[in-house]
1. Taking amide H atoms as placed 1.01 Å from N in the peptide plane, list the residues 5 or more away in sequence, or in a different chain, whose amide H sits under 5 Å from that of Ser139.
2. Please label the shape of region 7-77 as rounded, prolate or oblate, based on the square roots a ≥ b ≥ c of the eigenvalues of the alpha-carbon gyration tensor (a/c under 1.5 means rounded; beyond that, a/b larger than b/c means prolate, else oblate).
3. Considering the chain as a Gaussian network with a 10 Å cut-off on Cα pairs, which listed residue, Val40, Val59, Val140, attains the greatest mean-square fluctuation?
4. Computing the accessible area with a 1.4 Å probe over protein heavy atoms, can you report the carbon and sulfur percentage for region 44-104?
5. Under 17 Å between alpha carbons, and skipping anything fewer than 8 positions from Lys44 in its own chain: which aspartates and glutamates qualify?
6. With each run of n ≥ 4 DSSP H residues scored as -39500 (n - 2.57), what mean residue ellipticity at 222 nm is computed for the chain after dividing by its residue count and rounding to the nearest 500 deg cm²/dmol?
7. Looking at region 103-153, which GluC sites (Glu not before Pro) are DSSP coil and have at most 14 other C-beta atoms within 10 Å of their C-beta?
8. Please work through the chain and write down the cysteines that have no neighbouring cysteine Cβ at a distance under 4.7 Å.
Amino acid sequence: MQEAINMSPSPSWEHQIVCDNLVSMIKGKSPCQPISNLSVKLEKNGNVMNEFIQPDVAVYCERPEKIIGGYKGRPLIVIEVVSPSTYKIDVTLKKDLYCAYGVEEYWIADPYNKTIRQCTREHDRYAETIIACGEMFDSVIGTIDTALVFQGV
């Protein structure tokens, strides 16, 4: 007997490759832990958001606290790998959310244009830099080689 199951469409091949590359690269650079697709409620100064979010990759220097339905805490870095259907949300709403909750860096990786938009927190806002594939950039976890991020895409 075959039953219908409603499932979200899976991310593209390019999306998955970039996520895997990021996790592997960050594990080799930092004592902090990169995690893919962890359901978390962001927390800043005791304020916890109402809904769970699930970043493509988040880098935690402290293990987030386990709560019903997922975790709560604040990652050092959040990385979203954009697709045509998520681009507008990733570069506006999510950027504002992560900044408001004190995430130090927010990276928007674009596997189609092979760029990373690095948003670095300065006071209460993000300063943005766009980095092309093959360029290096400095992060709170060290120097990042974008050629490694987009390898295999």
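1. So Ser139 has HN proximity to Ile144.
2. On the way: a/c = 2.73, a/b = 1.29, b/c = 2.12.
Note, shape of region 7-77 comes out oblate.
3. Highest fluctuation among the options: Val140.
4. Details: 1740 of 3420 Å².
Ligands and nucleic acids excluded, carbon and sulfur give 51 percent.
5. Glu62, Glu65, Asp96, Glu104, Glu105, Glu122, Asp124
6. When only DSSP H runs of four or more count, the value is -6000 deg cm²/dmol.
7. On the way: sites: Glu104, Glu105, Glu122, Glu128, Glu135; in loops: Glu104, Glu135.
For GluC sites (Glu not before Pro) across region 103-153 that sit outside H, G, I, E and B with at most 14 neighbouring Cβ atoms in 10 Å, the list reads Glu135.
8. Cys19, Cys99, Cys119, Cys133
The values are calculated or read from the model by the stated rules, or taken from the named source; none is laboratory data. Only a predicted model underlies this, so the values are computations on that prediction, with no experimental measurement involved. Reconstructed Cβ throughout: ideal geometry from the backbone, glycine too, with neighbour counts over all protein chains shown. All accessible areas refer to the heavy atoms of the entire protein, side chains included, with ligands and DNA or RNA removed. Shrake-Rupley method; radii C 1.70, N 1.55, O 1.52, S 1.80 Å.
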